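Structure record follows, encoded as structure tokens.
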Amino acid sequence: MRYQIEPLGKSHERGAFSCGNRELDDWFRRRAGQDARRNIARIFVAVEPEMGIIGFYSLSAYTLSIEDLPKNIAHKLPNYDALPAALIGRLATDSKVQGKGVGKLLLADAIRRVLGAMEKLAVFAIVVEAKNEVAVSFYESFGFAQFPLHPNRLFLPTKEAMSALGESVK
């Protein structure tokens, strides 16, 4: 399967996309474009020439409370009220391509974009919102850890993300 990942634009037809989760489908069809125009989130889509949009994810800035972190990580950090983070708020693949690795490649692309932004902007961790236990397991397989008080919210320190992808910030 050949596809490319690019920013969501006006020319992208979103109506046929269906991941099987009504909430995600509705957001993508009705609000993703608005969120992008209002600078609430950046939306990136995986586009396959014959099938159209086969997946997407959203990225936005996030503030992480140090109190939400596991104690073994929090005690190593300065005692600030908030830490800078990036949020992958939504990530989904079309039901026609689920289980074919598109989600993994979308997640890797999102992480690379966050790491690339770190040349100009500090980001301590990447945070994700998992919709269900399957999504929690998916993110955990990439090294994300659950927040102790919010089991459907997970994080990956950017230092660990850099090591995992073999990348560094200049």
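We did not get these values from a lab; they are worked out from the coordinates using the rules stated. Note that the structure is predicted; figures quoted are calculated from it, not measured. Because the Cβ atoms are built from the backbone with ideal geometry, glycine has one as well, and the counts that use them run over all protein chains shown.
For trypsin sites (Lys or Arg not before Pro), the sites in segment 8-99 that DSSP calls loop and that have at most 10 other Cβ atoms within 10 Å are LYS10, ARG38, LYS76.
With all pairs of separate Cα atoms included, the chain yields a Kirkwood hydrodynamic radius of 16.6 Å. Exposed loop sites, defined as GluC sites (Glu not before Pro) outside DSSP H, G, I, E and B with at most 16 other Cβ atoms within 10 Å, are absent from the longest region of the chain, namely 51-118.
The phi-based Karplus calculation (6.51 cos²θ - 1.76 cosθ + 1.60; θ = phi - 60°) puts the 3J(HN,Hα) values of segment 19-25 at 9, x, 10, 4, 4, 5, 4 Hz, whole numbers, x for Gly and Pro. The residue list SER95, ALA85, ALA110 was ranked by how far each Cα lies along the charge dipole of segment 83-168 toward its positive end, using unit charges on Cβ atoms, and SER95 comes out on top.
Please identify every one of the chymotrypsin sites (Phe, Trp or Tyr not before Pro) in segment 1-91 that sits in a loop by DSSP and has no more than 14 other beta carbons within 10 Å of its own beta carbon.
Taking segment 1-91 and a limit of 14 other Cβ atoms within 10 Å, the loop chymotrypsin sites (Phe, Trp or Tyr not before Pro) found are TYR80.
In this structure the amide hydrogen of SER95, modeled in the peptide plane, comes within under 5 Å of the amide hydrogens of SER18, CYS19, GLY20, none closer than 5 places in sequence on its chain.
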